[in-house]
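Accompanying notes for the structure given below.
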Amino acid sequence: MEFGWSADEVAHRERIRSVLNRMLPDDWEEIALHGPGSDAQTDFSYDFCSALADEGLLIPNWPSAFGGSDEGVWRQFIMAEEVWSAGEPRGPQYMNINWIGPVLMRFGTADQQDRYLPPIREGRAIWCQGFSEPSAGSDLASLRTTATPVEGGYRVSGAKVWTSYAGRADTCFLLARVPAVEGAATGKTAIVILLTDMKSAGIQVKSIPSLIGDGDIHEVFFDDVFVPEANRLGAEGQAWEIITFALQNERVGIPRYEFSRRILDRAVGRLKADGRWADPVVQDRAGRALMLCEAARMLVYRIVDARARDLPPDAYGAVARWAVVLADNGVNDFLTEFLPEGLLGEDPVQQAHHQRAIAAGVASGAAEIQLNLIARRWLELPGEGGRR
C-alpha cells in the first residue's frame with residue numbers, strides 16, 4: 001500500500017479546503033456544536049451539499065452511470081476527512097455518501113435507483129437507519145420488528161431505538177423480520193430490508209434527549225405500517241449480505257480520527273501559548289493521543305485501500321473501528337485532563353469533539369460488538385462452549 005498522496009490528490013484536498021473556507025459561515029463552530037442531526041445543521045446541509053453537487057464534489061467516487069465522475073473511493077475519503085475535520089457540514093447527509101448510495105447502486109432495482117439516487121446526488125435527501133431495537137441493540141440478528149407479508153407488500157409493526165436523524169428523515173433503511181411460518185426461512189435469512197417512507201401512516205417518532213447533539217437520536221414506532229413490495233431491497237434471504245456490505249462501509253466511513261487530530265493540534269497550540277507545554281507529562285500524554293490518531297488512520301486506510309481494489313471485507317474492519325474509538329477517547333481524555341475549561345463553554349469545537357467521542361463507542365455498532373468480532377475473526381478465540 002502506498003502511504004503517500006499523489007500531486008492530483010493533494011490538489012483535490014486543497015480544493016476542498018478552499019471550498020470549506022469559502023462556504024462555512026462565521027458562526028459555523030456554534031452551528032456544528034448542536035450536532036449533525038440538529039435542525040440548524042440539517043438545514044445548513046441542504047445548501048452545503050447542493051453547492052458541493054454543483055462543484056462536482058459531492059459524489060466524485062460514484063460511477064458515471066449514476067451521476068458520479070468515476071474518481072474512486074480515495075477521492076471520496078479525502079472529502080470525508082476534510083469535512084469531518086471541519087465539523088461535518090454535510091450534516092446527516094454524510095450517511096448517503098458513505099453507504100446508502102453505494103448499497104442502492106449495488107443491490108437496488110432500476111426503479112429504486114431512479115427514485116432514491118437523484119435526491120442523494122443533488123444534496124437534498126435525509127435518511128435514517130432502522131437497525132437497533134429496545135431488546136436487540138447492536139445484535140441485529142435478534143431484532144423483533146415484524147414485516148408480515150400481505151397483498152402487495154408488508155405490514156410492519158415494532159419499535160426501533162437510537163435512530164439517528166429520524167426526526168427529519170425522508171426514508172428509513174429499515175430491517176424487519178418476516179414472522180416464522182412452517183417451511184419458511186428463519187434466523188438471519190428471515191430478515192428483510194424495507195425502504196420505508198417516513199411519512200407513512202402508523203409511524204411515530206419521539207426524540208431522545210442526549211449529550212451527543214440536538215435531534216441526533218430517536219425512538220421510532222411502527223404500528224401496522226404498510227410498505228409496498230417494490231420497496232424491499234434485494235431478494236428475500238439476501239438481507240444479511242446487504243447488511244454486511246453496508247456496515248463495512250459505515251463503520252469506517254466516518255474518519256473520526258481526523259477531527260480528533262485537529263482538536264489535539266488545537267489543544268497543543270493553546271497549551272504552548274499558555275506556557276503549559278513544557279511539562280513532560282503533558283507532552284507524553286499528547287504523544288500517546290497522537291499515536292492513537294495515526295494508528296487509527298493507518299488501519300482505516302487499509303480498509304479504504306481494500307475497497308479501492310474491490311477486495312472482500314475481512315477482519316480488519318472491526319480492528320479499524322475499535323482503533324477509531326480508542327483515538328476519539330484518547331484525545332478526549334487528554335483534553336479533559338489538561339484543558340477542562342474548554343468543556344465549560346470556552347471552546348465549542350472541544351465541546352463538539354466531546355459529544356462525538358461519546359458517540360464513537362456506540363454508533364455503527366457498539367464497541368463491545370467490535371471487540372467480539374475481533375476476538376472471533378481476528379484472534380480466532382473460542383466462543384461459547386469452546387466452539388469457534
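The values are calculated or read from the model by the stated rules, or taken from the named source; none is laboratory data. Worth saying up front: this structure is predicted, and the values here are computed from it rather than measured. When we count neighbours, we look across all protein chains shown, and the Cβ atoms used for this are built from the backbone with ideal geometry, even at glycine. The area values use the complete protein model at the heavy-atom level, side chains included, leaving out ligands, DNA and RNA. Shrake-Rupley method; radii C 1.70, N 1.55, O 1.52, S 1.80 Å.
Confirm whether residue 319 is in contact (Cβ under 8 Å) with a residue 40 or more places away in the chain and among the β-branched types (Val, Ile, Thr). Spell out how you get there, then give the answer.
Numbers: in contact (Cβ under 8 Å) with a residue 40 or more places away in the chain: yes; among the β-branched types (Val, Ile, Thr): yes.
Against the criterion (in contact (Cβ under 8 Å) with a residue 40 or more places away in the chain and among the β-branched types (Val, Ile, Thr)), residue 319 qualifies.
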Qualifying residue in region 160-179 (condition: charged (D, E, K, R), open to solvent by 30 Å² or more (accessible area, probe 1.4 Å) and outside any loop (DSSP other than H, G, I, E, B)): yes
Residue under evaluation residue 129, criteria (1) in contact with a strand residue (DSSP E or B) (Cβ under 9 Å, 6 or more places away or on another chain); (2) open to solvent by less than 10 Å² (accessible area, probe 1.4 Å), criterion not met: (2)
Residue 101 being over 30 Å from residue 266 (Cβ atoms), in contact with a helix residue (DSSP H, G or I) (Cβ under 6 Å, 6 or more places away or on another chain) and surrounded by 17 or more Cβ atoms within 10 Å (Cβ to Cβ): yes
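Quick one: in region 143-159, which of the residues that are without any contact (Cβ under 8 Å) to a residue 60 or more places away in the chain and open to solvent by less than 50 Å² (accessible area, probe 1.4 Å) is farthest from residue 202 (Cα to Cα)?
The initial filter retains those residues of region 143-159 that are without any contact (Cβ under 8 Å) to a residue 60 or more places away in the chain, namely 143-144, 146, 148-149, 151.
Going one step further and asking which of them are open to solvent by less than 50 Å² (accessible area, probe 1.4 Å), we end up with 143, 146.
On the way: 143: 19, 146: 14 Å.
Among them, the one singled out is 143.
Quick check on my filter: what residues within region 252-292 are more than 25 Å from residue 80 (Cα to Cα) and not in a helix (DSSP H, G or I)? Outline the logic, then answer.
Initial filter on region 252-292 (more than 25 Å from residue 80 (Cα to Cα)): 270-285.
Selection gives 274, 275, 276, 277, 278, 279.
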Scan of region 88-129 for residues that are part of a strand (DSSP E or B) and in contact with a Gly (Cβ under 9 Å, 6 or more places away or on another chain), ordered by number: 128
Test: residue in region 15-36 that is buried (at least 21 other Cβ atoms within 10 Å of the Cβ) and within 29 Å of residue 232 (Cα to Cα): yes
Every residue from region 37-84 that is more than 26 Å from residue 106 (Cα to Cα) and open to solvent by 40 Å² or more (accessible area, probe 1.4 Å): 39, 40, 43, 47
